[in-house]
1. Determine whether segment 60-72 contains at least one residue that is over 20 Å from R126 (Cβ atoms), of a type outside the set (D, E, K, R) and out of contact with any Gly (no Cβ under 8 Å at 6 or more places or on another chain).
2. Select from segment 72-82 the residues that are in a helix (DSSP H, G or I) and open to solvent by 40 Å² or more (accessible area, probe 1.4 Å) and list them in ascending order.
3. Considering only residues of segment 110-152 that are assigned to a loop (DSSP other than H, G, I, E, B) and open to solvent by 90 Å² or more (accessible area, probe 1.4 Å), which is modelled with the highest pLDDT?
4. Of the numbered conditions (1) open to solvent by 60 Å² or more (accessible area, probe 1.4 Å); (2) of a type in the set (S, T, N, Q); (3) part of a loop (DSSP other than H, G, I, E, B), Q157 satisfies every one except a single condition; which is it?
5. Taking the stated definitions as given, is L139 under 14 Å from the mean Cα position of the chain (by Cα) and within 23 Å of D66 (Cβ to Cβ)?
6. Of the conditions (1) hydroxyl-bearing (S, T, Y); (2) at pLDDT 80 or above; (3) in contact with a helix residue (DSSP H, G or I) (Cβ under 7 Å, 6 or more places away or on another chain), Y9 fails just one. Which one is it?
7. Filtering segment 43-64 down to residues that are without any contact (Cβ under 8 Å) to a residue 60 or more places away in the chain and not hydrophobic (A, V, I, L, M, F, W, C), which residue is surrounded by the most Cβ atoms within 10 Å (Cβ to Cβ)?
8. Yes or no: H96 over 23 Å from F156 (Cα atoms), touching a strand residue (DSSP E or B) at 6+ places or on another chain (Cβ under 7 Å) and at pLDDT 90 or above?
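The values are calculated or read from the model by the stated rules, or taken from the named source; none is laboratory data. Quick caveat, the model's predicted, so the values are computed rather than measured. Cβ atoms come from the backbone with ideal geometry, glycine included; neighbour counts cover every protein chain shown. Accessible surface areas use protein heavy atoms only, side chains included; no ligands, DNA or RNA. Shrake-Rupley method; radii C 1.70, N 1.55, O 1.52, S 1.80 Å.
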Amino acid sequence: MRPTFATGYSGLNFAQRILFLLLLSLVSAASALAASANQLPPLTLQSKARIELGQMLFFDRRLSGDGTMSCAVCHIPDQAFADGRDISGSYPTNKHWRNTPSLLNAAYLQIFFWDGRSDSLSHQARGPLESPFEMNSNLAFINAKLAEIPEYQDLFQAAFAAEVKPELILE
């Protein structure tokens, strides 16, 4: 007997029931994804200057407390901006209790961190910078350090028409 949505799966063995439920789940998930894909907000295009500044900040180890960590240490571009580990490495070379989520499509997220404690990318960015388990720094120190670097002064002027400021570092 072939199962259908009308007859259910009462005549199936255990493995067939599991397969049927899995297929039903996949169909439901595909429908939900198709519906939500139509609701994605449009992305705000960034200027070339903001992209250049963002890339420099992302790869700059000077943002960490001892100059050894950058965003890219955990969010590795060749690993889909994650790190591929079950439990992520941490500052200074110990283990974190979570793994590094991918940054792919992060612009579309509405909550951030595994526990959902942040509701924006700029709010989220401060967490790893100041966490003793991650970059072990603080925003005031980073701001003062970047404000002394001529290349950052120029990039912030080009990107925001402003000097280096904490809220712009997180932008």
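1. Within segment 60-72, not a single residue is over 20 Å from R126 (Cβ atoms), of a type outside the set (D, E, K, R) and out of contact with any Gly (no Cβ under 8 Å at 6 or more places or on another chain).
2. Within segment 72-82, the first condition is being in a helix (DSSP H, G or I), and the residues that meet it are 72-74, 77-79.
If the condition is that a residue be in a helix (DSSP H, G or I) and open to solvent by 40 Å² or more (accessible area, probe 1.4 Å), then V73, P77, D78, Q79 are the ones that fit.
3. First, pick out the residues of segment 110-152 that are assigned to a loop (DSSP other than H, G, I, E, B): 110-111, 113-117, 119-120, 131-138, 148-149.
Still in the list and also open to solvent by 90 Å² or more (accessible area, probe 1.4 Å): 110-111, 114, 117, 119, 148.
Values: Q110: 83, I111: 85, W114: 78, R117: 85, D119: 87, E148: 97.
Result: E148.
4. For Q157, the exception is condition (3).
5. Values: under 14 Å from the mean Cα position of the chain (by Cα): no; within 23 Å of D66 (Cβ to Cβ): yes.
Against the criterion (under 14 Å from the mean Cα position of the chain (by Cα) and within 23 Å of D66 (Cβ to Cβ)), L139 does not qualify.
6. (2)
7. Applying the first criterion (without any contact (Cβ under 8 Å) to a residue 60 or more places away in the chain) to segment 43-64 yields 44-46, 48, 51, 54-55, 58-61.
Still in the running and not hydrophobic (A, V, I, L, M, F, W, C): 44, 46, 48, 54-55, 60-61.
Working: T44: 6, Q46: 14, K48: 9, G54: 15, Q55: 12, D60: 19, R61: 14.
In this case the residue turns out to be D60.
8. Values: over 23 Å from F156 (Cα atoms): yes; touching a strand residue (DSSP E or B) at 6+ places or on another chain (Cβ under 7 Å): yes; at pLDDT 90 or above: no.
No: the conditions fail for H96.
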